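Every number in this text was worked out from the coordinates using simple rules, so none of it is lab data. Given the structure is predicted, the values throughout are model-derived calculations rather than measurements. Counting neighbours? That spans all protein chains shown, and the Cβs are built from the backbone with ideal geometry, glycine included.
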Amino acid sequence: MILPLRDDNSQREIVPWVNYALIVANVLVFLVGQRLGANDQFTYEFSLVPEAIRTGQNVGPVALQDPDTGKEVILPLKPTPLTPYLSLFTSMFLHGGLAHILGNMLFLWIFGDNIEDVLGHVRYLVFYLVCGVLSALAHVACVFAFHGNPYIPTLGASGAISGVLGAYLLLFPWNRVTVLLLRVVTDVPAVVAIGMWFLFQVIEGFGVLGGMQHGGVAYGAHIGGFLVGLALIKPFSFGPRWGA
């Protein structure tokens, strides 16, 4: 397992205010809206449910069979206000626990500022949100393509951040990244740090197949977001910065 700790920001020219704001927004939603994960109603209301996205109709509580015990459990799904499509945006600001949000915000803190420096504030915000929405749709597609359970909700900034990682890999492949690798702190090129992360997503994701989701991890969103970031960063970076 490889854990990035910091990267080389010596060439950064602008203060990444949008990246900071995204981190603050995620933390505030987790602390205030989700109450550190204790507010189940809020979390279920704004999480993404693949079946609701497919049909355009909100889904209420559903009975599921626990794969370990075989017992029936009730999943207390809640309707998303206004429209279930709103959850394509809101779900990327929710997290499943403290470790989940800390890991995501660490990756966003390290890699997001460099992409904002290239795109400028406004364009970076649009890029981040587009990656988040398209990664969520990639997850929905994987759920139905691989016959996963379409009623299991999905949440987290991982898809949008995966897009940032894809962009970073393409723009800064040889930038030095300090990582914790096998209990050793060392410097590696971004192509190694991010490449190993993506390889893990592919191995784990395609090894699971069940909707690309296993142990609470939506690998379809990670892989989809990464590929979206790779595909969109060049068109987005064309021309001068927006809002720099």
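Quick check on the exposure proxy: order 1, 196, 92, 105 from fewest to most C-beta atoms within 10 angstrom.
Values: 1 10, 196 14, 92 31, 105 20.
Least crowded to most crowded, the residues run 1, 196, 105, 92.
Which entry in (i) -0.27, -0.44, -0.90, -1.55; (ii) -0.34, -0.53, -0.93, -1.29; (iii) -0.30, -0.47, -0.91, -1.41 is this structure's computed log10 I(q)/I(0) by the Debye sum over Cα atoms at q = 0.08, 0.10, 0.14, 0.18 Å⁻¹? Label (iii) holds the value from this structure. Taking R0 as 25 Å, what FRET efficiency do you get between residue 14 and residue 145 from their Cβ-Cβ distance, rounded to the nearest 0.05? Approximately 0.05, to the nearest 0.05.
Charging the Cβ of each Asp and Glu at -1 and of each Lys and Arg at +1, and nothing else, the dipole of the chain about its Cα centre rounds to 260 debye.
Quick one: go through region 1-39 and flag any residue whose amide nitrogen is under 18 Å from the point 7 Å out along the Cα-to-Cβ line of residue 187. Correct set: 3-12.
Multiplying the residue separation of residue 65 and residue 102 by 0.36 nm and removing their Cα-Cα distance gives an extension gain of 10.2 nm. Counting beta carbons within 10 Å around each of 35, 176 and listing the fewest first gives the order 35, 176.
Around residue 15, what is the net charge, scoring Lys/Arg as +1 and Asp/Glu as -1 over all other residues with Cβ under 10 Å from its Cβ?
Net charge around residue 15: -3.
Counting other Cβ atoms within 10 Å as a rough exposure proxy, the listed residues 55, 69, 80 run 69, 55, 80 from fewest neighbours to most.
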